[in-house]
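Let me begin by presenting the structure, written as structure tokens, before commenting on it.
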Amino acid sequence: MTFRNGLDSLLRPEDSVLVLIDHQPYQLANLNSHDPHMVVNNTTALAKCAKVFGVPTILTTVIAARGGDLFPHVSEVFPNQEVIDRTTINTWEDPKVVEAVKATGRKQLVIAGLWTEICVAMPALQAAGEGWDVTVITDASGGTSVEAHEVAIQRMIAGGINMMTWLALASEWQRDWARAETAIALNDALRDHLGGSAIAYLWEQQLLNTEVPSVAA
């Protein structure tokens, strides 16, 4: 078994390309591994982080006329961008998607989608077999059951695929808060999607911007 470790194993925004797969109403309606609200939140956060870091993002749906359009929360992050609509269940068998990914010239392929056991596992396993460095964002994905999601993750890990959550990915892309060109924009994205941690951050800003009262003489 080859272990994934060392500095070169970390994801870099300049080498990453993100593919968001089938974040659609039909799939969300039968999502049972996660709270649907959290998947919408996390997927939107992932999309915003990709935009902050200039990571090319491919948006794709399957038979949107029946399954519904891509979540507007996500498509609004990339206004005027084409959403590639497929008939293939396995995204990696759709030539238009694959060509769009290849055109970026990047080899760190980041995937999230619904459902994990089908629309994520198939392209992830195929792409990994073709030499791509594949990472799946588990909390911006989800399955038809907890078991389906977890078994899919185990299957992909066995296939050499890396697993992360959206916040871990954002942190890895940022890597150093001294990178001011992305730090402020990233904090804006985190503020809207990080729940209690975001509230704590806003509180900290409030305290830092509040004059410290002087002690009476």
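The values are calculated or read from the model by the stated rules, or taken from the named source; none is laboratory data. Values in this document were obtained by computation on a predicted structure and should not be read as measured data. Neighbour counts are summed over all protein chains in view; Cβ atoms, including those assigned to glycine, are modelled from backbone coordinates with ideal geometry. Note: accessible area is taken over every heavy atom of the protein model, side chains too, but ligands, DNA and RNA are not part of it. Shrake-Rupley method; radii C 1.70, N 1.55, O 1.52, S 1.80 Å.
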For residue 111, the residues 5 or more places away or on another chain with a placed amide H closer than 5 Å to its own amide H are 19, 135, 136, 137
In debye to the nearest 20, the charge dipole size for the chain, taken about the Cα centre with +1 at each Lys and Arg Cβ and -1 at each Asp and Glu Cβ, equals 240 debye
For 156-165, 108-117, ranked highest to lowest by mean beta-carbon neighbours within 10 Å, the order is 108-117, 156-165
Rounded to the nearest whole number, the Stokes-Einstein translational diffusion coefficient of the chain at 37 °C and 0.692 mPa s (Kirkwood radius, C-alpha pairs) in µm²/s is 181 µm²/s
Note to self, the chain gives a 222 nm [θ] from helices alone (DSSP H runs n ≥ 4, -39500 (n - 2.57) apiece, / all residues, nearest 500) of -13000 deg cm²/dmol
Regression test value, accessible area per residue of the range 5-174, probe 1.4 Å, units Å², expected 42 Å²
Dividing the surface of the Cα convex hull of the range 57-182 by four yields a projected area in nm² of 8.7 nm²
Long-range share for the range 1-50, i.e. C-alpha pairs more than 19 Å apart as a percent of all pairs, stands at 47 percent
Under the Karplus relation with 6.51, -1.76 and 1.60 and θ = phi - 60°, whole-Hz ³J(HN,Hα) for the range 115-127, x at Gly and Pro, equal 9, 4, 6, 10, 6, 9, 4, 4, x, 4, 5, 5, 4
On the accessible surface of the range 5-174, probed at 1.4 Å with all protein chains in place, carbon and sulfur together account for a percent value of 55 percent
Charge dipole of the range 1-139 built from unit charges on the beta carbon (Lys, Arg +1; Asp, Glu -1), centred at mean Cα; most positive-end Cα among 101, 62, 91 is 101
Here D for the range 1-100, in µm²/s, from Stokes-Einstein with a Kirkwood Rh over Cα pairs at 37 °C and 0.692 mPa s, works out to 221 µm²/s
